[in-house]
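The values are calculated or read from the model by the stated rules, or taken from the named source; none is laboratory data. Here the structure is a predicted model, which means the values were calculated and not measured. Reconstructed Cβ throughout: ideal geometry from the backbone, glycine too, with neighbour counts over all protein chains shown. Surface accessibility is based on the protein's heavy atoms, side chains included, excluding ligands, DNA and RNA. Shrake-Rupley method; radii C 1.70, N 1.55, O 1.52, S 1.80 Å.
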Amino acid sequence: MTIIDETELQAHFDQTMARERRIEPRDWVPDKYRATVLRQIAQHAHSEIIGMQPEGNWITRAPSLRRKAILLAKVQDEAGHGMYLYSAAETLGTDRAELTEKLITGRQKYSSIFNYPTLSYADVGVIGWLVDGAAICNQVPLCRSSYGPYARAMVRICKEESFHQRQGYELLMTMMRGTAAQRDMVQDATNRFWWPSLMMFGPPDADSPNTGQSMKWGIKRHTNDELRQRFVDMTVPQADKLGVTLPDPALNWNQERGSYDFGAVDWDEFKAVVAGNGPCNTQRVARRKAAHDDGAWVREAALAHAAKAGGTA
Amino acid sequence: MSEVTVRSEWPLFEVFLRGKRGLNHVHVGSLHAADPQMALHHARDLYTRRNEGVSIWVVAASDITASSPDEKDPFFAPSGDKVYRHPTFYQIPDDVPHM
């Protein structure tokens, strides 16, 4: 085995980046690239897994068999997305058990949006419309991530997210055609989820010091503020069509910019939720940990069975 | 890996799908399972929720032997300098038909 100079490896990596080629598992990459991509994929994976909880909360209380089947399929998709992403993360040299452990011990984060409670059934619709809508905005550019396994997982995920957003919007349209109480539920859910949805894009560009490096590495394609603006511009006409009011008096069409102006996001709230002080942080992680602990005997029994049958790898 | 802990892990399997008859199986990702049969079931649940496959292969990741991923690898050099293996290497006059 020859010892290759690290500057040569770095030069090859730089050339791959300059040519917009993909990085594949086992390619040499700078430690910082590996750590950053791994953190990004892990956080995304954890978000999908924790994201099952707020909506899963309504499966037993969905108002019809049709809605229940849809919600079950959606929550199954979230699990699936988490699995695609853990699979991608493992190609970077970590393993799934380690990722799960880091999630349930709070050493890796997930999206702050899932620390808000789902108080009414309309929340299921608003999560599909706004939260999955914001996720799509964030995720479509990641189909071109420089890290191949992540980009490929994102292609699958984005295809499936479209169902998520559409079922949510259709649910809300149905409720808006219903009683005044149902319309109020939709408005209330919109009021509660609008600002947290805008926070999903992360801190403003001025407070996002790693954005430049991540864009150079092709693991981020647009800045947080660009994506946030794109989401607002997409969503305002959808809200109008639905007949709900977005809870921001400063929301206004700016002819000059060709975009909507909108009010200031409460970044103190964002920081508090990320730091662990959102309404549901403790309960979300505790639930995940309980599921993991309660499943231990199943994992062990399956292994014992495989060993007995002689089929284990 | 940063820390060594003794855990009983389900091994990793790589998953290959045939999207429809007439196509090759293509690698789509991986999953963990206690044995190959369970890996097949998990692969069905995870990778074919929307009719993406008509046939699934699962292979224990530890059973795969792979070449080095680096494209500059001399492993592929033997084909790099054999331009005469390509039809475009040969000059044929334009007026020769069906060539």
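Here B:Phe75 sits with roughly 130 square angstrom of accessible surface, probe radius 1.4 Å.
Excluding same-chain neighbours fewer than eight residues apart, the aspartates and glutamates reachable from A:Lys308 by a Cα-Cα span under 19 Å are A:Glu300, B:Glu9, B:Asp35.
Take the Cβ atoms of A:Trp253 and A:Lys68, set R0 to 41 Å, and the FRET efficiency comes out at 0.55. For the options A:Ser259, A:Ser162, A:Ser87, a Gaussian network treatment of chain A with springs between C-alpha atoms closer than 10 Å singles out A:Ser259 as fluctuating the most.
Checking every one of the GluC sites (Glu not before Pro) in the stretch A:222-312 against DSSP loop status and a limit of 10 other Cβ atoms within 10 Å picks out A:Glu256. Using a Gaussian network model of chain A with C-alpha springs under 10 Å, which one of A:His222, A:His81, A:His292 is most mobile by mean-square fluctuation? In the Gaussian network model the winner is A:His292. As a calculated quantity, the FRET efficiency between B:His25 and A:Thr174 at R0 = 45 Å, using C-beta atoms, amounts to about 0.60.
Straight-line cross-link reach from B:Lys82 at under 20 Å between alpha-carbon atoms covers these lysines, not counting any fewer than eight positions away in the same chain: B:Lys72.
Which one of A:Gly258, A:Gly212, A:Gly93 has the biggest mean-square fluctuation once chain A is modelled by GNM with Cα springs under 10 Å? Answer for the Gaussian network model of chain A: A:Gly258.
Residues of the stretch B:72-99 falling in the label zone of A:Asp5, defined by backbone nitrogen less than 20 Å from a point 7 Å along Cα to beta-carbon, are B:72-74. Counting only alpha carbon atoms, the long axis of helix B:36-47 and the longest principal axis of chain B meet at about 70°.
Annotation note: trypsin sites (Lys or Arg not before Pro) in the stretch A:5-81 located in DSSP loop regions with a Cβ neighbour count of at most 15 within 10 Å are A:Arg19, A:Arg21, A:Arg26.
Solvent-accessible area of the stretch A:170-249 (1.4 angstrom probe, protein heavy atoms only): carbon and sulfur portion equals 55 percent. Pairs exceeding 20 Å between alpha-carbon atoms, taken from A:Lys159/A:Lys216; A:Lys32/A:Lys159; A:Lys32/A:Lys109; A:Lys32/A:Lys220; A:Lys68/A:Lys289; A:Lys68/A:Lys109: A:Lys159/A:Lys216; A:Lys32/A:Lys159; A:Lys68/A:Lys289; A:Lys68/A:Lys109.
Taking the stretch A:199-214 and a reference point 7 angstrom along Cα→Cβ of A:Ala18, no backbone N atom is nearer than 11 Å. Screening chain A for DSSP H helices whose Cα atoms reach 15 Å or more along their own axis and whose mean Kyte hydropathy is at least -0.5 gives A:31-50, A:65-90, A:148-176, A:296-309. In percent, rounded to a whole number, the relative contact order of the stretch A:23-182 is 28, using alpha-carbon pairs under 8 Å and six or more apart. What separates the Cα centres of the stretch A:49-79 and the stretch A:255-289 is a distance of 23 Å. Rounded to the nearest 20, the size of the Cβ-charge dipole of the protein assembly as shown about its Cα centre is 1240 debye, with Lys and Arg at +1 and Asp and Glu at -1.
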